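Please read the structure below before turning to the comments.
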Amino acid sequence: MIANYWPHLVAVLVGAGLTVQVGMNATLARVIGAPVWAAVTNFGVGLVALVAFAMLLGSRTTPGSFGQVPAWAWLGGLLGAAYVASVTVLGPRLGAMALVALALAGQLGAALVVDRYGVLGFPQIPITPVRLLGAGLLLVGALLVMRR
């Protein structure tokens, strides 16, 4: 039974890692004096780690496959860069809880739309009253944790 929940556990751990990453990047930015270079460093370290991991796994791409990628799919890297650069700057200003709460609010709204229309490779999942209630409760919880 627990084997069925490993994706959920990984998602929780990755979410925790995002919060920790903000603090790491903020420290890097403070020490080197440049938030954007902290984000660049983050992506550089990540690139090296991913290349090493891909080589370790023996991963290969299909010849010509990069030319088959839809133009919009390449923008994921820009969104990742915008996220890392933004949270590096915003984390020390907002605090971890407020940053995560606001980012979660944006993710919830986008997730409802993406699921509803089944775009970007996600399955189509209708907006139901229960899903709206769940998103609303998460949003209310996010707003409550921002109160000081």
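The values are calculated or read from the model by the stated rules, or taken from the named source; none is laboratory data. Since we're looking at a predicted model, the values are computed, not measured. So basically every Cβ, Gly included, is an ideal-geometry build from the backbone, and we count neighbours across all protein chains shown.
Brief remarks follow.
- Residues within the range 67-89 that are among the aliphatic types (A, V, I, L, M), within 11 Å of the chain's Cα centre (by Cα) and loosely packed, with under 14 Cβ neighbours inside 10 Å, tallied: 2
- Criterion applied to 10, 14, 36 was being part of a helix (DSSP H, G or I), surrounded by 11 or more Cβ atoms within 10 Å (Cβ to Cβ) and not assigned by TED's automatic domain parsing to the domain that holds residue 100, and the one residue passing it is 36.
- Candidates 85, 39, 81: the one that is within 25 Å of residue 15 (Cβ to Cβ) and touching a Ser or Thr at 6+ places or on another chain (Cβ under 8 Å) is 39.
- Applying a threshold of 9 Å to beta carbon distances and a minimum spacing of six or more residues, or different chains, the list of pairs starting in the range 20-44 at a residue that is charged (D, E, K, R) and ending at one that is modelled with pLDDT under 95 and surrounded by 18 or more Cβ atoms within 10 Å (Cβ to Cβ) reads 30/38; 30/92.
- Just one of the listed residues (129, 92) is loosely packed, with under 10 Cβ neighbours inside 10 Å and more than 14 Å from the chain's Cα centre (by Cα), namely 129.
- From the options 114, 45, 119, residue that is surrounded by 14 or more Cβ atoms within 10 Å (Cβ to Cβ) and either of a type outside the set (Ser, Thr, Tyr) or modelled with pLDDT under 90 (or both): 114
- Answer residue from the range 122-146, given it is assigned to a helix (DSSP H, G or I) and of a type in the set (Val, Ile, Thr) and is modelled with the lowest pLDDT among those: 145
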